[in-house]
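Have a look at the structure below, then the notes.
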Amino acid sequence: MEEINNFEVVPCTESDYLKPFRVHYNQNGTKKSWDFMRTHDSVSVLIFNTTSHCFVLVKQFRPAVYMCEWEKAKTQPPQSAEKPEEGAAEAAAAEAQEGQQPAPEGDSSSQWPPASAGVTYELCAGLVDKPDLSLEEIARQEVLEECGYDVPASKLKRITSYRSGVGVTGAKQTMFYAEVSDDNCVSAGGGEPREGELIEVVKVPLHEAMTFAYNERIPKTMGVIFSFIWFHNNMSPKYKISTNV
């Protein structure tokens, strides 16, 4: 996953996923403008394995996160890489790879950070880009493809929906909860290779969940943090196990 090389930053003139726009409007008599991206809505799924009492997350390389780290690295003096804190089962961030990759053409003064800088821990998720399917069915397909569990759409519990990236995209994400067992596991998951997905399935034990959520040295999405808190408030009494808050 972290064998990343041959980076090249080029202008994006056409995309199937993002379309830039500029809107002009008046607000309380003041003329304003705002740049935004039109994109798909999405679904995410908090998966809890009742056999092993652990959460099932996904880990993947995110170019946008990596490029943000690269931008920061350009303005900072070189520093020794700091290792992420270990723990939370398989959820410790990988050690920074030794050595640096060449800087992009035209920017020889900067160096690429290690690929681990762009790896994040996330809920199983996917785009809402199939108009003939319900949100539950799309979520079910993502759970199967990314994590390898076959769960009926009827077993998905809707947690809530919210807006993400309100300053850039304003897209809506709908979050679901799915309980699975080892009996539901039909494959290793890992995403859809034909779509270029390269996903690692990660398990976080229930008793380590909140420590994991609040560990700032483990890169993760807000969906992970929120969903773990939701589980603690709504589901923990059912299992009578402390989530270590």
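The values are calculated or read from the model by the stated rules, or taken from the named source; none is laboratory data. Small disclaimer: the values here were computed from a predicted structure and weren't measured. All Cβ positions, even for glycine, are placed from backbone atoms using ideal geometry, and neighbour counts span all protein chains on display. Quick note on the areas: whole protein, heavy atoms, side chains included, nothing else; ligands and nucleic acids left out. Shrake-Rupley method; radii C 1.70, N 1.55, O 1.52, S 1.80 Å.
May I ask you to list the residues in the range 108-123 that are open to solvent by 60 Å² or more (accessible area, probe 1.4 Å) and closer than 23 Å to I225 by Cβ? Passing the criteria: none in range.
For the range 181-233, the set of residues classified as in contact with a helix residue (DSSP H, G or I) (Cβ under 8 Å, 6 or more places away or on another chain), within 20 Å of K155 (Cα to Cα) and not in a helix (DSSP H, G or I) consists of V186, S187, G189, listed by residue number.
From the residues in the range 1-29 that are of a type in the set (F, W, Y) and outside any strand (DSSP E or B), which one is farthest from M67 (Cα to Cα)? For the range 1-29, the residue satisfying everything is Y17. When G189 is tested against (1) touching a Cys at 6+ places or on another chain (Cβ under 8 Å); (2) at pLDDT 95 or above, only condition (2) is not met. Summed over the range 200-214, residues that are open to solvent by 20 Å² or more (accessible area, probe 1.4 Å) and in contact (Cβ under 8 Å) with a residue 24 or more places away in the chain total 7. Can we say F55 is open to solvent by 60 Å² or more (accessible area, probe 1.4 Å), touching a Phe, Trp or Tyr at 6+ places or on another chain (Cβ under 9 Å), in contact (Cβ under 8 Å) with a residue 24 or more places away in the chain and in a strand (DSSP E or B)? So F55 fails the test. Contact annotation: residue pairs with Cβ atoms under 7 Å, 6 or more positions apart or on different chains, pairing a residue in the range 135-150 that is in contact (Cβ under 8 Å) with a residue 24 or more places away in the chain with a partner that is part of a helix (DSSP H, G or I) and not hydroxyl-bearing (S, T, Y), are E136/A153; Y149/V143; Y149/N184; D150/L144; D150/N184. Give the residues of the range 135-161 that are in contact with a strand residue (DSSP E or B) (Cβ under 6 Å, 6 or more places away or on another chain) and open to solvent by 60 Å² or more (accessible area, probe 1.4 Å), sorted by residue number. If the condition is that a residue be in contact with a strand residue (DSSP E or B) (Cβ under 6 Å, 6 or more places away or on another chain) and open to solvent by 60 Å² or more (accessible area, probe 1.4 Å), then K157, R158 are the ones that fit.
Going through the range 175-199 one residue at a time, which ones are of a type outside the set (G, A, S), open to solvent by less than 70 Å² (accessible area, probe 1.4 Å) and within 25 Å of I218 (Cβ to Cβ)? Residues satisfying the conditions are M175, F176, Y177, E179, V180, C185, E197, I199. In contact with a strand residue (DSSP E or B) (Cβ under 8 Å, 6 or more places away or on another chain), surrounded by 11 or more Cβ atoms within 10 Å (Cβ to Cβ) and at pLDDT below 95: is that true of A89 in this structure? Yes; evaluated as a whole, the condition is true for this residue. If the condition is being closer than 14 Å to V186 by Cβ, out of contact with any Ser or Thr (no Cβ under 6 Å at 6 or more places or on another chain) and not in a helix (DSSP H, G or I), then the range 129-154 contributes Y149, D150, V151, P152. Only one of the listed residues (K32, K72) is open to solvent by 60 Å² or more (accessible area, probe 1.4 Å), part of a helix (DSSP H, G or I) and either touching a Pro at 6+ places or on another chain (Cβ under 6 Å) or at pLDDT 75 or above (or both). That residue is K72. Across the range 7-27, the number of residues qualifying as touching an Asp or Glu at 6+ places or on another chain (Cβ under 8 Å) and surrounded by 10 or more Cβ atoms within 10 Å (Cβ to Cβ) comes to 1. Looking at G126, is it open to solvent by less than 30 Å² (accessible area, probe 1.4 Å), more than 30 Å from K74 (Cβ to Cβ) and part of a loop (DSSP other than H, G, I, E, B)? For G126, the condition - open to solvent by less than 30 Å² (accessible area, probe 1.4 Å), more than 30 Å from K74 (Cβ to Cβ) and part of a loop (DSSP other than H, G, I, E, B) - is not met.
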